[in-house]
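Structure first, commentary second.
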Amino acid sequence: MLDEAVAGEGEHPFAVDQAHVRRKFYERAHECDLAPDLANPSALRRSRAIELLRSGLPLPVVQRLLGHSTASLTAAYIDVSNEDMQRMVGHALDREQRRRTSARNAFYGRIAAVVRGDVQSVVSVQTPSGIRVASVITNDSLDNLGLRPGVFAAAEVKAPWVVLTVGSEAPSSTAGNVYPATIVKVVVGAATAEAVARLEDGTEICSVLTSDRVRALDLAVGTPVWVLINVFSVILNVS
């Protein structure tokens with residue numbers, strides 16, 4: 001038989017007297033020698049909400065479970081430290097890198113900026129090391145992919161679309177993405193060749209070009225170069 005102080009009546013037989021539950025909760029907490037601020041219904045409710053959020057349950061769902069009027073009230077339950085943030089970002093980037101793709105070059109990071117035009121938009125992806133990669137895509141693609149500042153994305157570039165130039169000064173170019181780098185690997189074939197250039201942050205970029213161009217530019221390990229990538233050659237992907 002249910003305790004009359006707990007059991008409800010009528011169409012809500014399991015409704016409870018909140019004051020009774022709270023009192024019993026405090027009594028059990030006192031018996032366990034727990035501090036009042038750590039042992040109360042609010043602390044239990046908050047702890048469960050944090051568990052649900054950290055397990056990946058969408059914020060709007062937890063908000064409805066808690067009966068909060070706004071998502072910001074629910075979001076306030078989570079306090080993410082810098083260490084936790086770096087770990088979560090690293091996990092997300094690792095997941096991105098495990099994606100199978102034929103593109104030899106990929107930059108992983110968050111959308112830093114979106115400039116929307118009437119037909120196409122310029123989207124900038126910033127990696128954790130600070131490198132920015134600009135891409136021009138259609139507005140339909142922007143909307144379909146849900147791209148907006150803060151979203152994780154991968155900017156992919158096929159090796160034949162990567163242009164290399166030699167020189168100490170940055171070249172004048174309409175490419176949109178220009179980075180200083182150093183050649184770390186050259187593989188020359190009968191007709192074509194691969195050259196791998198390392199950017200300042202350690203990112204390696206592969207370029208496919210003709211063997212004649214490798215010889216004409218005198219590309220070798222240690223040669224300083226500039227990596228040029230046209231904004232229309234950058235493909236954006238999201239998980």
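Summary of computed values
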read-out	value
Any hit, the stretch 174-185, residues being within 26 Å of T127 (Cα to Cα), in contact (Cβ under 8 Å) with a residue 60 or more places away in the chain and not β-branched (V, I, T)	no
Test for S121: is it of a type in the set (G, A, S) and either closer than 14 Å to L228 by Cβ or assigned to a helix (DSSP H, G or I) (or both)	no
Those residues of the stretch 168-199 which are under 17 Å from A220 (Cα atoms), charged (D, E, K, R) and open to solvent by 70 Å² or more (accessible area, probe 1.4 Å), in sequence order	K185, R198
Boolean, R64 is in a helix (DSSP H, G or I) and either open to solvent by 40 Å² or more (accessible area, probe 1.4 Å) or modelled with pLDDT of 75 or more (or both)	yes
S69 vs. criteria in a loop (DSSP other than H, G, I, E, B), at pLDDT 70 or above and among the hydroxyl-bearing types (S, T, Y)	yes
Which numbered condition D140 misses (of (1) acidic (D, E); (2) within 22 Å of V238 (Cα to Cα); (3) in a strand (DSSP E or B))	(3)
Selected residue (criterion: nearest to the chain's Cα centre (by Cα)) from residues of the stretch 149-167 that are open to solvent by 70 Å² or more (accessible area, probe 1.4 Å) and under 13 Å from V208 (Cα atoms)	K158
Residue within the stretch 188-208 that is in a strand (DSSP E or B), under 30 Å from the mean Cα position of the chain (by Cα) and under 13 Å from L236 (Cβ atoms) present	no
Neighbours by Cβ (under 9 Å, 6+ apart or cross-chain): first from the stretch 103-114, assigned to a loop (DSSP other than H, G, I, E, B); second among the β-branched types (V, I, T) and open to solvent by less than 30 Å² (accessible area, probe 1.4 Å)	A103/V157; R104/V157; R104/V162; R104/I205
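The values are calculated or read from the model by the stated rules, or taken from the named source; none is laboratory data. A quick note: this is a predicted structure, and the numbers were derived from the prediction, not measured. For neighbour counting, all protein chains shown are included, and Cβ atoms are generated from backbone atoms with ideal geometry for every residue, glycine included. These area figures cover heavy atoms from the full protein model, side chains too; ligands, DNA and RNA do not enter into them. Shrake-Rupley method; radii C 1.70, N 1.55, O 1.52, S 1.80 Å.
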